[in-house]
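One structure is given below, encoded as structure tokens.
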Amino acid sequence: MSQEILVKIDSALEDLIPGFLENMNKNVGLFREALAGDDIEFCRSRGHNLKGSGGGYGFDRITEIGKVIENAAKAGDKPTISQSVDELEDYLNRVKVTFV
């Protein structure tokens, strides 16, 4: 069984986190649809958005994954995008939030 990833988030963001994580989960499917349709520009743009928003909510790993997706899309590297989307999905399935 995969180990939980514990993330401490400022309690001021508590009301926003469920919606943020729900949107991140939706992104997994959107990335896969984009890859299936060869929409690399969508992947670049959405990866850029992840890069910008993850850390702002306290999820530095989402920022890192977004950066990899954005750069891979710029290079037309679909296998790396796909692998990074799998990593995002795994992260979202394992992350557990504690508010401080």
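The values are calculated or read from the model by the stated rules, or taken from the named source; none is laboratory data. Note that the structure is a prediction, hence the values are computed from the model and not measured. Don't worry about glycine lacking a Cβ; one is built from the backbone with ideal geometry, like all the others, and counts go over all protein chains shown.
The number of residues in the stretch 52-100 that are part of a helix (DSSP H, G or I), at pLDDT 95 or above and touching a helix residue (DSSP H, G or I) at 6+ places or on another chain (Cβ under 7 Å) comes to 23.
Free of Cβ contacts under 8 Å to residues at least 12 places away in the same chain, surrounded by fewer than 16 Cβ atoms within 10 Å (Cβ to Cβ), polar (S, T, N, Q) and more than 20 Å from residue 3 (Cα to Cα): does that describe residue 49? No; evaluated as a whole, the condition is false for this residue. When each of 74, 51, 8, 26 is tested for being among the charged types (D, E, K, R), closer than 29 Å to residue 100 by Cβ and in contact with a Lys or Arg (Cβ under 8 Å, 6 or more places away or on another chain), the lone residue that passes is 51.
For the stretch 33-43, the candidate set comprises residues that are buried (at least 16 other Cβ atoms within 10 Å of the Cβ), touching a residue at least 12 places away in the same chain (Cβ under 8 Å) and not aliphatic (A, V, I, L, M); within that set, the residue that is farthest from residue 70 (Cα to Cα) is 42. The residues listed here are 12, 34; of these, the one that is hydrophobic (A, V, I, L, M, F, W, C) and either touching an Asp or Glu at 6+ places or on another chain (Cβ under 9 Å) or at positive phi (or both) is 34.
Conditions (1) among the hydrophobic types (A, V, I, L, M, F, W, C); (2) in contact with a strand residue (DSSP E or B) (Cβ under 7 Å, 6 or more places away or on another chain), marked per residue:
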{"residue": "10", "(1), (2)": "no, no"}
{"residue": "25", "(1), (2)": "no, no"}
{"residue": "50", "(1), (2)": "yes, no"}
{"residue": "55", "(1), (2)": "no, no"}
{"residue": "69", "(1), (2)": "yes, no"}
{"residue": "77", "(1), (2)": "no, no"}
{"residue": "95", "(1), (2)": "yes, yes"}
